[in-house]
């Protein structure tokens, strides 16, 4: 009698085991030669839950920052000892003095602080969108270097491409560059880098002439007259 009862119990257990659901995992499917299951709820929303990160990013893209920093104010001229000479004036020839200080703006990217333009801000005595840069004087091929006493005017010029060689004016008697400036975002100091006609990059100094109260550029400060001195240029409010 025990043997038939044992057989009945064994039969019932086997039926219960076969009736239990088996989780169809990817490992189980691969072992049977089947492809893996697709990701659950991929690209879908469940009731009461937020969309998946992929859909949320597509629906609400983060606005990209402009990446541009604007520096505005006056151009203050200082001697190397830090004393103030004056401010670039809103007058023909851009003299350095006090009273009619020129307002300017410089736009720089958050990662690029060189090859910039100084733009005269309205209202100004100069045409709209005038740029402050370097110009040759009575020659279209002026070269400055540590070995010459050649100089360039600090004046109003048309806009030129960054890192370009001097652009000859339509009159043919001078060449100019505007995108020569670099800014220190901490001190607001502006420095210049002129590109010579042959493409060379001389160390470029800003000088102040006490005789006519004007600025000019050189590649050699020691060969200049005693009536001039090297200076620095800063943006101040």
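The values are calculated or read from the model by the stated rules, or taken from the named source; none is laboratory data. Every value quoted in this text rests on a predicted model; they were computed, and no experiment measured them. Cβ atoms come from the backbone with ideal geometry, glycine included; neighbour counts cover every protein chain shown.
Which of the residues that make up region 69-86 are over 22 Å from the mean Cα position of the chain (by Cα) and either touching a residue at least 40 places away in the same chain (Cβ under 8 Å) or farther than 19 Å from residue 206 by Cα (or both)?
Those that are over 22 Å from the mean Cα position of the chain (by Cα) and either touching a residue at least 40 places away in the same chain (Cβ under 8 Å) or farther than 19 Å from residue 206 by Cα (or both): 76, 77, 78, 79, 80, 85, 86.
Could you grab me the full set of residues in region 118-140 that are under 24 Å from residue 209 (Cβ atoms) and in a loop (DSSP other than H, G, I, E, B)?
124, 125, 126, 130, 136, 137, 138, 139, 140
Which residues, taken from region 212-223, are without any contact (Cβ under 8 Å) to a residue 60 or more places away in the chain and either in contact with a strand residue (DSSP E or B) (Cβ under 8 Å, 6 or more places away or on another chain) or buried (at least 17 other Cβ atoms within 10 Å of the Cβ) (or both)?
Passing the criteria: only 221.
Being surrounded by 21 or more Cβ atoms within 10 Å (Cβ to Cβ) and either assigned by TED's automatic domain parsing to the domain that holds residue 120 or modelled with pLDDT of 95 or more (or both) is true for just one of 157, 168. Which residue is that?
Answer to the check: 157.
Those residues that are in a loop (DSSP other than H, G, I, E, B) and within 23 Å of the chain's Cα centre (by Cα), I need them from region 167-198; list them, please.
178, 179, 180, 184, 185, 186, 187, 188, 193, 194, 195
Among the residues of region 107-117, count how many are closer than 16 Å to residue 134 by Cα and not in a loop (DSSP other than H, G, I, E, B).
1
As an exercise: evaluate residue 143 against (1) in a loop (DSSP other than H, G, I, E, B); (2) touching a strand residue (DSSP E or B) at 6+ places or on another chain (Cβ under 8 Å); (3) buried (at least 17 other Cβ atoms within 10 Å of the Cβ) and give the number of the one condition it does not meet.
Just one mismatch for residue 143, condition (2).
Please name all residue pairs, on different chains or six or more residues apart, with Cβ atoms under 7 Å, provided the first residue is in region 150-179 and is without any contact (Cβ under 8 Å) to a residue 12 or more places away in the chain and the second residue is crowded, with 21+ Cβ neighbours inside 10 Å and in a loop (DSSP other than H, G, I, E, B).
167/160
May I ask you to verify whether residue 226 is in the same structural domain as residue 106 (by TED's automatic domain parsing), part of a loop (DSSP other than H, G, I, E, B) and either under 25 Å from residue 101 (Cα atoms) or without any contact (Cβ under 8 Å) to a residue 24 or more places away in the chain (or both)?
Yes.
Tell me, please, whether a residue that is within 15 Å of the chain's Cα centre (by Cα), assigned by TED's automatic domain parsing to the domain that holds residue 199, closer than 26 Å to residue 219 by Cα and modelled with pLDDT of 90 or more can be found in region 117-126.
Yes, some residue in region 117-126 is within 15 Å of the chain's Cα centre (by Cα), assigned by TED's automatic domain parsing to the domain that holds residue 199, closer than 26 Å to residue 219 by Cα and modelled with pLDDT of 90 or more.
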